[in-house]
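Structure record follows, encoded as structure tokens.
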Amino acid sequence: MENKQLSSFPIGEVNSYGKYFIGQSYLAPLALKPIPTFNVTFEPSCRNNWHIHHAKTGGGQMLIVVAGEGWYQEFGSPARKLKAGDVVVIPANVKHWHGAAKDSWFQHVAQEIPGTETSTEWCEPVSDEEYLKLS
């Protein structure tokens, strides 16, 4: 990757969860305790698969957009355009995806909300047909 600075947060390394993404993303751990916090960078058109952050109690995820433009969508709801400064609170057990706009790099800080019996279930990719309808 070229030496690209999008925000004051580091880009990180190639995302080890890349098999659950369409396109290239990068992951930079910011803190592991008390709340796991990561900066995630998406190249234009990159998005993750539909997924669910399961938890018996608590759990979920919070995204804080720090650079670029992107999308967030909960299953069965319209997609929401995101820009720097936006915050998305994702309840546990909600199927969703997030990623970059077609023509923009996108970066968000992701925090894993503590809970009990937490896990992430990775589901199907967001199809090109679904994604390309977004503008």
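None of the figures in this text is laboratory data; all of them are computed from the coordinates on show. These numbers come from a predicted model, not from an experiment. Cβ coordinates were reconstructed from backbone atoms using ideal geometry, including for glycine residues, and neighbour counts include every protein chain displayed.
Miscellaneous remarks
- Average Cα contact separation per residue, segment 13-132, under 8 Å, 6 or more apart, as relative contact order %: 34 percent
- Distant-in-sequence amide H partners of Lys95 (H built 1.01 Å from N, under 5 Å): Phe75
- Using a Förster distance of 25 Å, the FRET efficiency for Glu117-Asn49 (Cβ separation, nearest 0.05): 0.70
- Each residue of segment 83-95 was assigned a 3J(HN,Hα) from its phi angle through the Karplus curve 6.51 cos²θ - 1.76 cosθ + 1.60 (θ = phi - 60°); the sequence is 9, 3, x, 6, 10, 10, 9, 10, x, 4, 6, 10, 6 Hz, with glycine and proline shown as x.
- Beyond 29 Å in Cα-Cα separation lie the following of the pairs Lys33/Lys133; Lys19/Lys56; Lys56/Lys102: Lys33/Lys133; Lys56/Lys102.
- Within a Gaussian network of the chain (alpha carbon springs, distance under 10 Å), most fluctuating of Lys56, Lys83, Lys95: Lys56
- Stretching Leu134 away from Arg80 to a fully extended chain increases their span by 18.5 nm, per 0.36 nm per residue minus the current alpha-carbon distance.
- Table column - 3J(HN,Hα) (Hz), segment 29-41, Karplus curve with 6.51, -1.76, 1.60, x for Gly and Pro: x, 9, 7, 9, 9, x, 10, x, 9, 9, 8, 10, 10
- Summing Cβ point charges (Lys, Arg +1; Asp, Glu -1) relative to the Cα centre of the chain gives a dipole of roughly 240 debye.
- With the highest mean first, a sort of the peptides 31-43, 114-126 on other beta-carbon atoms found within 10 angstrom per residue produces 31-43, 114-126.
- Highest average packing first - 59-70, 10-21, Cβ atoms within 10 Å: 59-70, 10-21
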